[in-house]
Structures are given as structure tokens and as C-alpha cells.
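Report on one structure; see the data block that follows.
The values are calculated or read from the model by the stated rules, or taken from the named source; none is laboratory data. These numbers were taken from a predicted model, which means no experiment stands behind them. Glycine also receives a Cβ, built like all others from the backbone with ideal geometry; neighbour counts cover every protein chain displayed. What goes into the accessible areas is simple: the full protein's heavy atoms, side chains included, and nothing from ligands, DNA or RNA. Shrake-Rupley method; radii C 1.70, N 1.55, O 1.52, S 1.80 Å.
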Amino acid sequence: MTELEAIKARHSVRQYLDKPIEAEKIEAIQACIDLCNREGGVHIQLIANEPKAFTSLMAKYGKFQNVSNYIAIVAPKGKPGSVTAGYWGEKLVLELQMMGLRTCWVGASYKKDMSLFQIGAEEELKCVISFGYGANDGVQHSQKKTVADVAVNKSSAAVFPDWFVNGVEAALLAPTAVNQQKFEFILHDDNRVEAIAKFSLIGYAHLDLGIAKYHFEVGAGQSPHCASLVWC
């Protein structure tokens, strides 16, 4: 399975089988986290075999079941740190999907035990990602927006190039808080792309933007033109 196939297949899953994850998969997940931390300047941490975080009333209201594995997305404070957290967190989500595991981005429906995480003075816990063997494969959300709704052409080209459209289409499949899709991709000359988070009363728009940016790169990367893509 490729990352693009994982994007199309992956949906949020909150109920998991009471089935342990093999040691070799845990090792592979940790190796991917180590790579993300090195390359992204984040401080993501794996919490395995710890069921207490999802035993609160909020977790039960959110219909979480059998959650004992999750990933703490710790990153620099502020909006840029949230974008970075979303970007590298989604890389992990797609890796887990390709391993046969299922995931859910979780902003609030869990009990925070800060003793389980290491958080530096200039860092914060952005959210967690629950994962495990899914009791189901989730359900696809209806796509609220189209390419025309989130793409802006500020280049000299008369139409969007195919690689840009492919990128935006992949971004529209990104998970966002309550499916809000509060992002915009702007094409400038010389294959420069600007991605912005729009105002959201719900919050998480910058985290969502990071997730959408990762999807955009995967989608646009199917074209050789994406080799010269530059983020503004």
C-alpha cells in the first residue's frame, strides 16, 4: 500500500479489538517516531499498553473502546508548532494505516496524565492519536468542500496544473476537527504554494493545516513537477 492509497482508505476509528500489537510493530512505530522527531523538530512519544487515558466519562461519551495504545503529539508552543505537529503526526497515521492498524486524532476526549509525557519548557501537548486493531474500518465523512472552495490561483497560469489539483484533492481527504476543512492552498508562480489556516471557532485549524499539508505533498508528489514545489 502506498501513502496515497492509505489516504484514500483511512478513516477515523474509535473502537478497537482487545488484541495486543506485536512487538515488531511497536518497534517499527517507535522507529518512525524517532525519524519524525529528528527531521521535524517535534517531541512525539509512544505510549503503549496504558488503558487509563481512555476510561474517563469524556472518552465513553466519545465512544472510545479498548484504547490502550496512543501517541502523544508534543511539539513547540504556538501556531507554527501546531502546523508542524499535524504534519508529522499525519505521517505516523498513514504509516499505521499501512501496517494494518487504525487510528483517531483526539483533541479532548481523554484523561491527561502528564507524568506519562516529557514536555519541555517551550513545548506543549497538542493532542494524541489513538491506535490499535480496528473493530471496524471507520466511515468516510461526506466531503464538504471542493477544489474550487479551497484553491486560489495567484500565478500567471490560466489553469491549475495537474500536480496542484492532485495535491488539493488529497488535502480534502485530510481529517480535520469536526470536518471543518478550514484551510486554503494558494498557487504562486515558480511552483510556490502557500497554505493558510482560516479562522475557526472550534480551534485546531493550524493542526488541521499541518495534516492537510502532508496530504498535499503526497498527492502532488505523484507528478514529477512536485520536485520543485516550494512552500511559501
Requested in this report: Please state which of the following conditions residue 146 fails to meet, knowing it meets all the rest: (1) among the polar types (S, T, N, Q); (2) under 30 Å from residue 25 (Cα atoms); (3) open to solvent by less than 90 Å² (accessible area, probe 1.4 Å).
Outcome: (2)
Report task. Scan the range 160-185 for residues that are among the charged types (D, E, K, R), closer than 20 Å to residue 2 by Cα and either in a loop (DSSP other than H, G, I, E, B) or modelled with pLDDT of 95 or more (or both) and jot them down. Result -> 169
Query raised in the report: So which pairs qualify, if the first residue must be in the range 186-197 and closer than 19 Å to residue 148 by Cβ and in a strand (DSSP E or B), the second must be of a type in the set (S, T, N, Q) and open to solvent by 30 Å² or more (accessible area, probe 1.4 Å), the Cβ gap must be under 7 Å, and the two must be at least 6 apart or on different chains?
Result: 187/153
Query raised in the report: Just checking, which of 65, 30 is over 26 Å from residue 212 (Cα atoms), open to solvent by 50 Å² or more (accessible area, probe 1.4 Å) and of a type outside the set (A, V, I, L, M)?
Result: 65
Query raised in the report: When you look at residue 97, is it open to solvent by 60 Å² or more (accessible area, probe 1.4 Å) and either out of contact with any Leu (no Cβ under 9 Å at 6 or more places or on another chain) or within 23 Å of residue 27 (Cα to Cα) (or both), yes or no?
Result: no
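Every residue, every condition in (1) out of contact with any Lys or Arg (no Cβ under 9 Å at 6 or more places or on another chain); (2) modelled with pLDDT under 90, yes or no:
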| residue | (1), (2) |
| --- | --- |
| 85 | no, no |
| 91 | yes, no |
| 101 | no, no |
| 110 | yes, yes |
| 115 | yes, yes |
| 125 | no, no |
| 131 | no, no |
Query raised in the report: What's the number of the condition residue 4 fails, among (1) within 30 Å of residue 163 (Cα to Cα); (2) assigned to a loop (DSSP other than H, G, I, E, B)?
Result: (2)
Query raised in the report: From the residues in the range 121-140 that are small (Gly, Ala, Ser) and open to solvent by less than 30 Å² (accessible area, probe 1.4 Å), which one is nearest to residue 99 (Cα to Cα)?
Result: 132
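Looking at 73, 21, 26 in this structure, which one is in a helix (DSSP H, G or I) and touching a residue at least 12 places away in the same chain (Cβ under 8 Å)? Explain how you work it out, then say what you get.
On the way: 73 fails: in a helix (DSSP H, G or I); 21 fails: in a helix (DSSP H, G or I).
Just a single option satisfies the conditions, and that option is 26.
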Query raised in the report: If residue 40 passes every condition in (1) of a type in the set (Gly, Ala, Ser); (2) more than 19 Å from residue 209 (Cβ to Cβ); (3) in contact (Cβ under 8 Å) with a residue 12 or more places away in the chain but one, which one does it miss?
Result: (2)
Query raised in the report: residue 157: more than 20 Å from the chain's Cα centre (by Cα), among the small types (Gly, Ala, Ser) and either modelled with pLDDT of 95 or more or not in a helix (DSSP H, G or I) (or both), yes or no?
Result: yes
**Report entry** Qualifying residue in the range 47-68 (condition: over 18 Å from residue 17 (Cα atoms) and either in a strand (DSSP E or B) or without any contact (Cβ under 8 Å) to a residue 24 or more places away in the chain (or both))
**Finding:** yes
**Report entry** Test for residue 46: is it open to solvent by less than 40 Å² (accessible area, probe 1.4 Å), at pLDDT 95 or above, within 25 Å of residue 166 (Cα to Cα) and of a type outside the set (Phe, Trp, Tyr)
**Finding:** no
Report summary line: Quick count over the range 191-229, residues being under 24 Å from residue 93 (Cα atoms) and surrounded by fewer than 18 Cβ atoms within 10 Å (Cβ to Cβ), is 9
Query raised in the report: Do we find a residue being under 15 Å from the mean Cα position of the chain (by Cα), of a type in the set (S, T, N, Q) and surrounded by fewer than 22 Cβ atoms within 10 Å (Cβ to Cβ) anywhere in the range 172-179?
Result: yes
